[in-house]
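The values are calculated or read from the model by the stated rules, or taken from the named source; none is laboratory data. If you're wondering where the values come from, they're calculated on a predicted model, not measured in any experiment. Here Cβ is always computed from backbone atoms with ideal geometry, including for glycine, and neighbour counts include all displayed protein chains.
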Amino acid sequence: MSDGLPPLRRGQAWEIPGRRSGHTLLVVEADPALSVFPRTAVTVLVDTTGTAPDTLLSNRITAPVTGDVIGTQIMTLTVSAITAGKYLGIVPDEEMNAVSRTLRIALDLTD
């Protein structure tokens, strides 16, 4: 990555441009997969409007941005599309663990 930005990794929050307004995304792909497939990254939408319903498939994050991670809004984007946006920072480990649990439920990856 250029411009002094850190390499893309799990837990990073980014604000990327959209058609009508920006979107806040959270990188949820595992770091080893980001190394093997360096041109794309799996992300999930973070609703920063405060209007997302509190459901089994959503999680609240408080840093580096406050919002609700919507576990059903998963998308793969090119790294260039993500890094064209604004890097916001890293979500704390405890909150990422909660996001991981929600994604396992959303994707039916539980035992």
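Name every residue in the range 32-91 that is outside any loop (DSSP other than H, G, I, E, B), surrounded by fewer than 13 Cβ atoms within 10 Å (Cβ to Cβ), among the β-branched types (V, I, T) and touching a residue at least 12 places away in the same chain (Cβ under 8 Å), in order of residue number.
Correct list: T76, T78.
Just to be sure I understand the filter: pairs with C-beta atoms under 9 Å, separated by 6 or more residues or on different chains, first member in the range 98-111 and touching a residue at least 40 places away in the same chain (Cβ under 8 Å) and over 13 Å from V44 (Cα atoms), second member surrounded by 13 or more Cβ atoms within 10 Å (Cβ to Cβ) and aliphatic (A, V, I, L, M). Which pairs pass?
I105/L57
Hey, does the range 92-106 have a residue that's touching a Ser or Thr at 6+ places or on another chain (Cβ under 6 Å) and in a helix (DSSP H, G or I)? Let's see the steps before the verdict.
Restricting attention to the range 92-106, the residues satisfying the condition of being touching a Ser or Thr at 6+ places or on another chain (Cβ under 6 Å) are 104, 106.
Next, only the ones that are in a helix (DSSP H, G or I) stay: 104, 106.
Yes, the range 92-106 contains a residue that is touching a Ser or Thr at 6+ places or on another chain (Cβ under 6 Å) and in a helix (DSSP H, G or I).
Considering only the range 69-92, state which residues are over 21 Å from L5 (Cβ atoms), under 11 Å from the mean Cα position of the chain (by Cα) and modelled with pLDDT under 95.
Passing the criteria: I70, G71, Q73, I74.
Any residue in the range 9-20 that is in a strand (DSSP E or B), out of contact with any His (no Cβ under 9 Å at 6 or more places or on another chain), charged (D, E, K, R) and closer than 13 Å to V99 by Cβ?
Within the range 9-20 (the criterion being in a strand (DSSP E or B), out of contact with any His (no Cβ under 9 Å at 6 or more places or on another chain), charged (D, E, K, R) and closer than 13 Å to V99 by Cβ), the answer is no, since none of the residues qualifies.
Count, please, the residues in the range 92-111 that happen to be crowded, with 18+ Cβ neighbours inside 10 Å and polar (S, T, N, Q).
Going through the range 92-111 one residue at a time, the tally reaches 1.
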